[in-house]
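Here the structure is laid out as structure tokens; the discussion comes afterwards.
Derivation of every value follows stated rules applied to the coordinates shown; laboratory data play no part. Model, not experiment: these values are computed from the prediction. Every residue, glycine as well, gets a Cβ built from its backbone with ideal geometry; the counts of neighbours run over all protein chains shown.
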Amino acid sequence: MQIANTIDAVREQLSQWRQRRQTIAFVPTMGNLHDGHLQLVKQARGLAEKVVVSIFVNPLQFGEGEDFATYPRTLADDSDKLANEGVDLLFAPELAEIYPGGLDIATRVTVPGLSDILCGASRPGHFAGVATIVNKLFNIVQSDTAIFGEKDYQQLAVIKRMVADLAIPMEVIGAAIVREPSGLAMSSRNAYLTEEERQTAPLLYRCLSQACDRIIASESDYPAICEEFTNYLNKNGFNVEYFEIRRQGDLEIPGLDDTSLVILVAARLGSTRLIDNIQLSLAGESAR
Ligand code: PAF
């Protein structure tokens with residue numbers, strides 16, 4: 001596996017592959033890789049001849065008081081894992097390579113509306129930070145496809161919208177959530193959980209699953225379902241930010257005719273903010 005720290009080095013390698021007409025799949029990450037990330041890499045392998053992974057903890061998407069400084073940085077370990085997965089190129093730039101003039105950059109990519117609801121409501125500027133770095137990474141790598149985990153459902157929706165609106169010539173693919181045996185969605189932030197919190201955390205997915213079952217069984221008072229699970233989680237150690245049933249894709253409030261739904265939750269457990277979601281189709285099987 002090649003490791004590139006500069007934009008020029010990535011461009012040089014990528015232009016050679018493109019000249020040979022080799023297809024390229026890209027997996028952007030912030031490192032501290034777990035099985036969920038490695039699943040994205042495996043999927044990328046199946047999609048293209050060359051796989052590029054980036055590791056960059058992007059300060060632009062962290063708010064004040066968030067965990068940018070403490071976000072786990074494990075480059076040596078990550079690099080071994082990616083080499084084992086047969087990744088062709090790892091792009092691991094320093095901060096100054098991506099933001100040479102500092103973080104006060106003039107140009108930002110924003111996706112208003114979709115970025116202001118759910119996670120965006122409590123994390124102002126977060127999705128602009130994500131869209132800006134992802135756009136920049138897309139311009140650097142210029143792959144045929146890019147793969148993102150569906151755990152960050154809203155992030156995926158924002159990126160798909162940006163790619164459509166700006167006609168970025170790339171296919172964005174969502175990969176299914178990878179869960180621990182307990183049902184807890186894999187996340188780098190799970191490392192922050194205490195032993196006791198780890199016992200409680202799987203309740204999040206159990207609630208999503210139960211809400212999903214009830215909707216499939218034709219319960220249609222969505223606000224009541226959401227309120228019930230919010231209260232239940234709050235009584236059981238969580239501090240719920242939102243528990244919502246939305247339309248897939250644009251995350252609007254579903255109308256009576258909408259059959260492709262996603263139930264999303266964000267909740268704090270101690271000092272750790274956890275998110276999860278479950279997609280369901282009323283016309284067919286749930287995506288679980
Ligand atoms: O999901 C992530 O790890 C990050 O938000 C991403 C997409 C790599 C952008 O920094």
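Brief remarks on what is shown
- Equivalent ellipsoid of segment 139-258: semi-axes from √(5λ) of the C-alpha gyration tensor, largest first, are 29, 22, 11 Å.
- Per-peptide average of other Cβ atoms within 10 Å, ordering 59-65, 227-233 highest first: 227-233, 59-65
- Its convex hull of Cα atoms gives segment 59-119 a direction-averaged projected area, equal to a quarter of the hull surface, of 6.5 nm².
- Helix 153-165 and the long axis of the chain differ in direction by around 50°, with both axes built from C-alpha atoms.
- Length-normalised contact order of segment 126-272 in % [C-alpha pairs under 8 Å, at least 6 apart]: 18
- Summarised as an ellipsoid, segment 56-212 has semi-axes of 26, 20, 18 Å, derived from the eigenvalues of the Cα gyration tensor scaled by 5 and square-rooted, with the largest first.
- Fluctuation leader among Gln43, Gln248, Gln19 - the chain, Gaussian network, Cα springs under 10 angstrom: Gln19
- Mean Cβ count within 10 Å, highest first, over the residues of peptides 267-280, 165-178: 267-280, 165-178
- The orientation-averaged projected area of the convex hull spanned by the Cα atoms of the chain comes to 15.4 nm².
- Reachable lysines, given that their alpha-carbon falls under 26 Å from the alpha-carbon of Lys81 and they are not under 8 places away in the same chain: Lys42, Lys50, Lys136, Lys151
- Assigned charges on the beta-carbon of Lys, Arg, Asp, Glu; the chain dipole about Cα centre (debye): 540
- Relative contact order (%) - the chain, alpha-carbon pairs under 8 angstrom, separation at least six: 16
- Helix 222-235 and the long axis of the chain differ in direction by around 80°, with both axes built from C-alpha atoms.
- Between segment 103-165 and segment 181-239, the C-alpha centres lie 26 angstrom from each other.
- Among Lys136, Lys235, Lys81, the residue with the largest mean-square fluctuation in a Gaussian network model of the chain, with springs joining Cα atoms closer than 10 Å, is Lys235.
- Along its principal axes, segment 1-144 has C-alpha extents of 43, 29, 28 angstrom, given from the largest down.
- Rounded tilt (10° steps) of 203-216 against the dominant C-alpha axis of the chain: 70
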